[in-house]
Amino acid sequence: MYFRILYDEATQATSYLLADLDVGTAVLIDPRGTDLPVLNAMLNEHSLQLHWVLLTHQHEAQEAGEQEALSALGAPCIERDCRASDLIVFGNEHLRVLATPGHTSGCLSFLWRDRLFCGDLLTVNLCPHQPLPALPDALWDSVTRKIFTLPAETLLFSCHAHRARSVTNVLEQRRWHPWFCGAGRDEFLSRIATASIDTDNHTDTAANSRRPLFASTNE
Ligand SMILES: [Zn+2]
């Protein structure tokens, strides 16, 4: 097991490298095209062959040339339309794909051992491309049926950090997530509707970086 986090101070974007060092195979989760040189360096450090590029989601307003840059990594890309419960194999390791629409319509999450890489699924106003969920109803179903039903100790890794923190766990989010904590479906949708007021102020990533990622109610 080999696990590395790549964190960008300016945007708080967070990418992940997972590898089987015995076999020399790796996957990248939510890599950014602008990080291509360092991504290649991370792979070359242990002579890793990249098997998959896994994207939890993408937005139309992504950086120009992003797709071309990721293609240069030379591995097939999985970003949506994966069948639920598909397995992604690299060496002796594997990830399970979960269809988790909500933040966007095609969001995927990737479960590896005790870790779930869930992109912006549980972030609150932090995705610079889209601060609020595209499909609140689907988000409720994804989180309550597929995320909160995982073991409490399951680690949740986001693709945007908050104050350099990109990991939480299922127990913490069940108890403290500002949209889900203590809410039924109707209350949850009401909380998002109220939060939508903030979209008018969603003018810069710096302002949003001050808002909670995996937020607690006392923050
Ligand atoms: Zn996003």
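A few remarks follow.
- Among the trypsin sites (Lys or Arg not before Pro) in region 64-161, those placed in a DSSP loop whose Cβ has at most 10 other Cβ atoms within 10 Å are 83.
- Only beta bridges with both residues in region 2-209 are counted; by DSSP, about 70 percent of them are antiparallel.
- Helical contribution to [θ] at 222 nm, DSSP H n ≥ 4, -39,500 (n - 2.57), averaged over the chain, rounded to 500: -5500 deg cm²/dmol
- Magnitude of the charge dipole, the chain, Cβ model with Lys/Arg +1 and Asp/Glu -1, debye to 20: 620
- Checking every one of the GluC sites (Glu not before Pro) in region 33-123 against DSSP loop status and a limit of 14 other Cβ atoms within 10 Å picks out 60, 63.
- DSSP beta bridges in region 1-113 [antiparallel fraction, %, rounded to 5]: 75
- In the chain, taking the dipole from charged Cβ atoms about the Cα centre, the farthest positive-side position among 143, 55, 18 is held by 143.
- Hull-based mean projected area of region 123-192, where the convex hull spans the alpha carbons, in square nanometres: 4.6
- Once the Cα-Cα distance is subtracted from the 0.36 nm per residue extended length, the residue 9 to residue 186 segment shows a gain of 60.0 nm.
- Of 109, 160, 183, farthest towards positive along the dipole that unit charges on Lys, Arg, Asp, Glu beta carbons give the chain: 183
- Over the chain, the pair-distance histogram of Cα-Cα distances with 5 Å bins from zero comes to 1, 7, 15, 20, 21, 17, 11, 6, 2, 1, 0 percent, rounded to whole numbers.
No lab work stands behind these numbers, since they all come straight from the coordinates. Not measured: the values here are computed from a predicted model. FYI the Cβ positions are ideal-geometry reconstructions off the backbone, even for glycines, and counts take in every protein chain you see.
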